[in-house]
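Have a look at the structure below, then the notes.
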Amino acid sequence: MKLSLFRSASGVSAVDVYCTHAGCVVTPEGPELVCKCHFSYFDSATGARKSGPAPTGLPIFATSEIDGEIYILSS
Ligand code: FES
């Protein structure tokens, strides 16, 4: 499993980096995660699908930050 971590005002998001269309790895591009295989776009903070052929958003995992360390809490 590979996760992309994104820090926002509400905390740290951990989003699965494998595109829900055909499994390519997404890459950060500003506030979005982009799959360059067939150009699906996702929200970095929520994993929500914004556009493109991906059928759903990216799975997101709850996190907790304690003393500068980030813990993934659930699947
Ligand atoms: S594999 Fe990501 S859009 Fe097709």
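Net length available on complete extension from Ala62 to Leu5 is 19.4 nm, with 0.36 nm assigned per residue and the Cα-Cα distance removed. In the context of the full set of protein chains, residues of the chain present 59 Å² of accessible surface per residue (probe radius 1.4 Å, heavy atoms only). Using a probe radius of 1.4 angstrom, the carbon and sulfur fraction of the accessible surface of the range 3-72 is 56%.
Partnerless cysteines in the chain, where a partner means another cysteine C-beta under 4.7 angstrom, do not occur. Taking amide H as placed 1.01 Å from N in the peptide plane, the amide H of Leu58 sits under 5 Å from that of Ala48, Arg49, each at least 5 places away or on another chain. Which translational diffusion coefficient, to the nearest whole µm²/s, is obtained for the chain from the Stokes-Einstein equation, given a Kirkwood hydrodynamic radius over C-alpha pairs, 10 °C and 1.306 mPa s? For the chosen part, D equals 129 µm²/s. Is the range 2-45 best put as rounded, prolate or oblate by its Cα gyration tensor, with a ≥ b ≥ c the root eigenvalues, rounded for a/c under 1.5, and otherwise prolate when a/b is larger than b/c, oblate when not? Prolate, because a/c is 1.5 or more and a/b exceeds b/c.
The values are calculated or read from the model by the stated rules, or taken from the named source; none is laboratory data. Predicted model only: the values in this text are computed from it and were never measured. Positions of Cβ are generated from backbone atoms using ideal geometry, with glycine treated the same way; all protein chains shown enter the neighbour counts. All accessible areas refer to the heavy atoms of the entire protein, side chains included, with ligands and DNA or RNA removed. Shrake-Rupley method; radii C 1.70, N 1.55, O 1.52, S 1.80 Å.
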